[in-house]
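So the structure is just underneath, and the comments pick up after that.
Read-outs throughout are calculated quantities, based only on the coordinates presented, and are distinct from any laboratory measurement. Just so it is clear, the structure is predicted and the values come from calculations on it, not from any experiment. As a convention, Cβ positions derive from the backbone with ideal geometry for all residues, glycine included, and neighbour counts pool all protein chains shown.
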Amino acid sequence: MHYVIIGQGPAGVIAAETLRKTDQDSTITMIGDEASAPYSRMAIPYFLTGNIEEDGTHLRHQPDHFQMLGIDLVNGYVNQVGPTSLSLDDGKQIEFDSLLIAAGSHAVRPPVPGIDLPGVQNCWTLEDAHAIAARAKKGSRVLLMGAGFIGCIVLEAMIARGVELTIVEAQDRMVPRMMDETGGNMIKRWCEDKGVTVFTSTLVEEISEHNGAMTVVFSQGNPQNFDLVVCAAGVKANIAFLDGSGIETDDGILVDHHLATNVTNIFAAGDIAQGPEFFTDAREVHAIQPTASEHGRIAALNMAGQSTRYQGSLSMNVLSTIGLVSTSYGQWMGVDGGDQTSIVDADRFKYIKLAFKDDVLVGALSLGFPAHPGVMRGLMQSKIRLGEWKATLMKDPTRLMEAYLACTQGAMAAAIAENLAISA
């Protein structure tokens, strides 16, 4: 049996390791298109801050880890996929019995004149990180294009490097896919209070270079000069190489509850997979590392013949923005026929919003409550019925911890009683 994995990120690595645990004898090949050892993109900001060295971004720190497991690492770009083989850009053909596509995503650059100048960098690969580090010196004028989740992680790194930071976001608030207007604007005000210039509802219209400086023209306000422009305008799944493969795609590769594509023995996982959402079963791309890790494990089990159902991905983000912790889980925007409640203390930068379907928590936002994320996630993923605690939370959503303890202990006690009754 020959298992082939396209991608060396968290989904690919965990899949390869899971396959080896499940199948000691088969051949496993993992293909990556970067020269470095498999690494985590989420660790790049820590490299930029100087908290870790480059090898600290590596997913596995023992140099011969994959060799010891008998996992072959191949470097190259996959340019074509067929039902039983694939081809690399150097012409090499690789046959497979089962294929996992975990090729991830790529940074998006908006169609702005000057976006390809040397002074404009993405922050998505280790190569990007080295280029940013070369320009983002203490006191440098840096423009960050995009205040989404990735942008705000880059923001932390830029602040740590001591730059003079300006942020421009096309939407009307920061982290617009993670926060509603209340939460996004609170994060904006927090950043401004910390000395960061933030423009929302603003576009970059043109970038030019003059005497080593990047002159940026905005849709409102005056042009400004910067030493570096970091583009964090979002990512898209790497699906272009699948043209002609017969594999069904939309925003990503469409997969079912077993992470299987429409083509026999071909699976997908991670940022490239568009799979079932936890509450709705609608197929969505959730480009977050916890989803990628779980995708990789479950896809590998199914590839090895151990039928394992994926329960669906839960949208979840935890972000620290210059010390302000914000969280976003599930259907935080609310659901049809459901109830919502919130509490805001703008002066203290505290905010909680809860969304319910019947008496089940299906979505939540929070700012300034760093102890609550685990509780929110636990209530949602367990789909525990809150009963009378729903009314309590509608009045005071800060009592989430009490509700969690009361409901989970009650559920556990009921399960023990049921097991005792069956045993008797």
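General observations
- Counting only Cβ charges, +1 for Lys and Arg and -1 for Asp and Glu, the dipole size of segment 316-398 around its Cα centre is about 200 debye.
- Dipole magnitude for the chain: about 1120 debye, using +1 per Lys or Arg Cβ and -1 per Asp or Glu Cβ, origin at the Cα centre.
- Sequence of Tyr329, Tyr39, Tyr77, Tyr404 once ranked by neighbouring C-beta atoms within 10 Å, starting from the fewest: Tyr77, Tyr404, Tyr39, Tyr329
- Neighbour count of at most 14 Cβ within 10 Å plus DSSP loop: longest GluC sites (Glu not before Pro)-free window in the chain: 54-247
- Loop sites in segment 234-309: chymotrypsin sites (Phe, Trp or Tyr not before Pro), DSSP, at most 16 other Cβ within 10 Å: none
- Rounded to the nearest whole Hz, the Karplus-based 3J(HN,Hα) values (6.51 cos²θ - 1.76 cosθ + 1.60, θ = phi - 60°) of segment 284-294 follow the sequence 9, 9, 10, 7, 10, 5, x, 5, 4, 5, 5, with x at glycine and proline.
- 13 Å beta-carbon shell around Ser85, net charge (K/R +1, D/E -1): -1
- Temperature 25 °C, viscosity 0.890 mPa s: under these conditions the Stokes-Einstein estimate for segment 120-233, based on its Kirkwood radius over C-alpha pairs, is 174 µm² per second.
- DSSP beta bridges in the chain [antiparallel fraction, %, rounded to 5]: 60
- Given the choices (i) 71, 40, 40; (ii) 80, 64, 38; (iii) 69, 57, 41, Cα extents along the principal axes in Å derived from the coordinates of this structure is entry (ii).
- Relative contact order computed over segment 120-233 (Cα-Cα under 8 Å; 6+ residues apart), in percent: 34
- Residue among Gln381, Ser245, Ala269 farthest towards the positive dipole end of the chain, charges placed on Cβ: Gln381
- About its Cα centre, the dipole of segment 120-233 is roughly 340 debye, where the only charges are +1 on Lys and Arg Cβ and -1 on Asp and Glu Cβ.
- DSSP beta bridges confined to segment 79-213 are antiparallel in about 45 percent of cases.
- Approximate shape of segment 323-423 as ellipsoid semi-axes (Cα gyration tensor, √5λ), whole Å, largest first: 27, 14, 11
- Greater than 28 Å apart at Cα, pairs in Lys138/Lys350; Lys138/Lys188; Lys21/Lys383; Lys137/Lys188: Lys138/Lys350; Lys21/Lys383
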